[in-house]
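A quick write-up on the structure given underneath.
Just so it is clear, none of the values below were taken in a lab; they were calculated from the coordinates. All values reported here derive from a predicted model rather than from experimental measurement. Virtual Cβ from ideal backbone geometry, glycine too; neighbours counted across all protein chains shown.
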Amino acid sequence: MSLTYPFDPTGQEMKSDVTDEDLDRSFIAHFEVSAAHAVAASTTGVHAAVTDNGEQQEITTEITNPAVPRNITATAGGTGTDIKAIQVIVEGTNFLDAVISETLPVFTVDTPGTVEGSKAFKTVTKATIPAHDGTGATTAIGWGDKLGLPYKRGIMSCIDAFLDKAKEGTAPTLAVDATNIESNTINLDSALDGTKVDAFLVI
């Protein structure tokens, strides 16, 4: 029997009872977001509604960043018939302060509503809003319920998640990416409400 059975610290591997069949070691990570930072989703959290002026608008001022990395939303409002099937482009930085951008999903023509991005932005530096079909339309920029994770993983799972110390009855949705940290997110089944989030992840 190997002196390193059942764990070989030099290779971070778990030894098995089968020759040449060792397993990678995993760890349980406690991911938490404080109540002050786990505020509810807000359609205007990043920037208040901007009224269409017939031209593309680049918003770079009066921007409020989420308290922690979160996905970004865009909300079309105002006169419904003036809303065009446009796509808002968001620029900013990720958890590692690297520059990122995302083209949000397309609005439904003539229909007020919110579209959600999938990347977690630590900061938003610019939102580009193409022109709508009429100046009665508005576009607001906010944040959603997806929280950015501080890990880049191709595979990751969640053992349990808690909101305000209450265990979630349905497992959260995880998005993973081994290359881009902004594409690693967790979305609890319950909407965030300004209470503490705890999740136990297999890393």
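Observations on the model:
- The stretch 13-35: number of residues that are free of Cβ contacts under 8 Å to residues at least 60 places away in the same chain and either of a type outside the set (Val, Ile, Thr) or surrounded by 10 or more Cβ atoms within 10 Å (Cβ to Cβ) (or both): 11
- Residue under evaluation Ile181, criteria (1) out of contact with any Gly (no Cβ under 9 Å at 6 or more places or on another chain); (2) farther than 19 Å from Thr75 by Cα; (3) not aromatic (Phe, Trp, Tyr), criterion not met: (1)
- Looking only at the stretch 143-166, and only at residues there that are under 19 Å from the mean Cα position of the chain (by Cα) and part of a loop (DSSP other than H, G, I, E, B), the one that is surrounded by the most Cβ atoms within 10 Å (Cβ to Cβ): Leu149
- Scanning the stretch 101-139 for residues that are more than 12 Å from Asn71 (Cα to Cα) and buried (at least 22 other Cβ atoms within 10 Å of the Cβ) yields Phe107, Ala127, Ile129, His132, Ala137, Thr139.
- Pairing residues of the stretch 147-160 that are acidic (Asp, Glu) with residues that are surrounded by 13 or more Cβ atoms within 10 Å (Cβ to Cβ) and outside any loop (DSSP other than H, G, I, E, B), at Cβ distances under 9 Å and at least 6 apart in sequence or on separate chains, gives Asp160/Asp198; Asp160/Ala199; Asp160/Phe200.
- Meets criteria (of a type outside the set (A, V, I, L, M, F, W, C) and surrounded by 12 or more Cβ atoms within 10 Å (Cβ to Cβ)) for Gly78: yes
- The conditions of being at negative phi and assigned to a strand (DSSP E or B) are not met by Gly169.
Residues checked against (1) free of Cβ contacts under 8 Å to residues at least 60 places away in the same chain; (2) in contact with a Pro (Cβ under 7 Å, 6 or more places away or on another chain); (3) of a type in the set (S, T, N, Q):
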| position | (1), (2), (3) |
| --- | --- |
| Val106 | yes, no, no |
| Thr114 | no, no, yes |
| Thr179 | yes, no, yes |
| Glu182 | no, no, no |
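- In the stretch 133-142, the count of residues that are part of a strand (DSSP E or B), touching a Ser or Thr at 6+ places or on another chain (Cβ under 9 Å) and under 16 Å from Leu201 (Cα atoms) is zero.
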